[in-house]
Amino acid sequence: MKKRKLHLKKKKFCFILVILFSTILIFYHFVCIVIWCFDNSKITSEIKEIQEETPIIEKEIFDGEKEQQDEQSSFNPYFDFIKTNYMEVNFSKLKEMNKEVVAWIFVRGTNINYPVVQHSDNQYYLNHSFSRSKNEAGWVFMDYRNQRDSFQRNTIIYAHGRKNGSMFGTLKKVLNSNWYQDSNNHIIKLSTPYENSLWQVFSIYRIHTTNDYIQTDFSTDGNFVTFLDKISSRSVYDFQTTVNLEDKVLTLSTCFNEEEKVVLHAKLIESQKR
């Protein structure tokens, strides 16, 4: 009889523990959802305010450049990409809002149209917005190892892959055939306080989390060529574009899920000093 009572007490105690644990878990997830919604609301308002207050114009390339490109495009259709107008941004207003702004990036066919910031590490903007307020949505940021005033062999830009489509949440669209089969999407526009530039996409892929594509410095030319071969061969689509030792690469990276990343690589094809 005593054993039975003891057994019932243990059973009742376990049941209470399960109920308590479940209640805590439900409450935790509820709090997470509330925070997620709050962060989304704040980041959406911030994005809208920044985009509305920042003057961005389409700046045509020089006539002399156009004439030269018209001649070249007759035998190389990819020179048609270079005729794309530059994007020019007024960074004065942006720097008043955040002195760490280093660029503005636009990727056609996605929602990516943001100012880019850079901190002294790659952690800060994982949970801080452009206004530098705490926000789990984070912001779009450049690798701290990259130089602000010039492009290195590999310039890397990161952001969270938010489910609501903000930040790099729509970067995964580049893996859809209706994105990569539209050649109008193959040019990325990047503007910095020092120059406006056009970048031609040459590789897109989804990969298990690794850091082998986020290298910024290369000890030898051979190492850089090996790097180019590796990231080019991963592409899920053949852009029929070659890269070589003289090229500079722009890398965009975000999470696809908890175990995988979505990565895009483009090469610099045209730039204009500001």
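The values are calculated or read from the model by the stated rules, or taken from the named source; none is laboratory data. This structure is a prediction, so every number in the text was calculated from the model and none was measured. Heads up, the Cβs are rebuilt from the backbone with ideal geometry, glycines too, and the neighbour counts pull from every protein chain shown.
Here are the numbers for this structure:
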| item | result |
| --- | --- |
| Checking V201 against (1) closer than 13 Å to R153 by Cα; (2) in contact (Cβ under 8 Å) with a residue 60 or more places away in the chain, the condition it does not meet | (1) |
| Residue ID - surrounded by the most Cβ atoms within 10 Å (Cβ to Cβ), chosen from residues in segment 246-274 that are more than 15 Å from the chain's Cα centre (by Cα) and of a type in the set (D, E) | E270 |
| Which numbered condition A137 fails, given (1) in contact with an Asp or Glu (Cβ under 6 Å, 6 or more places away or on another chain); (2) in a helix (DSSP H, G or I) | (2) |
| Condition check for Y205: aromatic (F, W, Y) and over 28 Å from N127 (Cβ atoms) | no |
| Verdict on R145 being within 17 Å of the chain's Cα centre (by Cα), part of a loop (DSSP other than H, G, I, E, B) and farther than 18 Å from F168 by Cβ | yes |
| One residue from V174, V102 being assigned to a strand (DSSP E or B) and buried (at least 19 other Cβ atoms within 10 Å of the Cβ) | V102 |
| Only one of V243, V201 that is part of a loop (DSSP other than H, G, I, E, B), of a type in the set (A, V, I, L, M, F, W, C), closer than 17 Å to I188 by Cβ and modelled with pLDDT of 95 or more | V243 |
| Cross-chain or 6+ apart pairs with Cβ under 7 Å, segment 157-176 first and charged (D, E, K, R), then surrounded by 19 or more Cβ atoms within 10 Å (Cβ to Cβ) and not in a loop (DSSP other than H, G, I, E, B) | K172/G161; K172/V262; K173/W179 |
| Residue pairs meeting the criteria (Cβ under 8 Å; at least 6 apart or on separate chains; first over 19 Å from R274 (Cβ atoms), in segment 104-121; second buried (at least 22 other Cβ atoms within 10 Å of the Cβ) and among the hydroxyl-bearing types (S, T, Y)) | N111/S166; H119/Y125 |
| Filtered residue count, segment 105-139, keeping only those that are under 21 Å from N185 (Cα atoms) and out of contact with any helix residue (DSSP H, G or I) (no Cβ under 8 Å at 6 or more places or on another chain) | 4 |
| Conditions (1) surrounded by fewer than 18 Cβ atoms within 10 Å (Cβ to Cβ); (2) over 19 Å from the mean Cα position of the chain (by Cα); (3) not in a loop (DSSP other than H, G, I, E, B): number failed by R206 | (2) |
| Hits in segment 109-145 (condition: out of contact with any Lys or Arg (no Cβ under 7 Å at 6 or more places or on another chain), modelled with pLDDT of 95 or more and over 15 Å from I50 (Cβ atoms)) | H119, S120, D121, N122, Q123, Y124, L126, M142, D143, Y144, R145 |
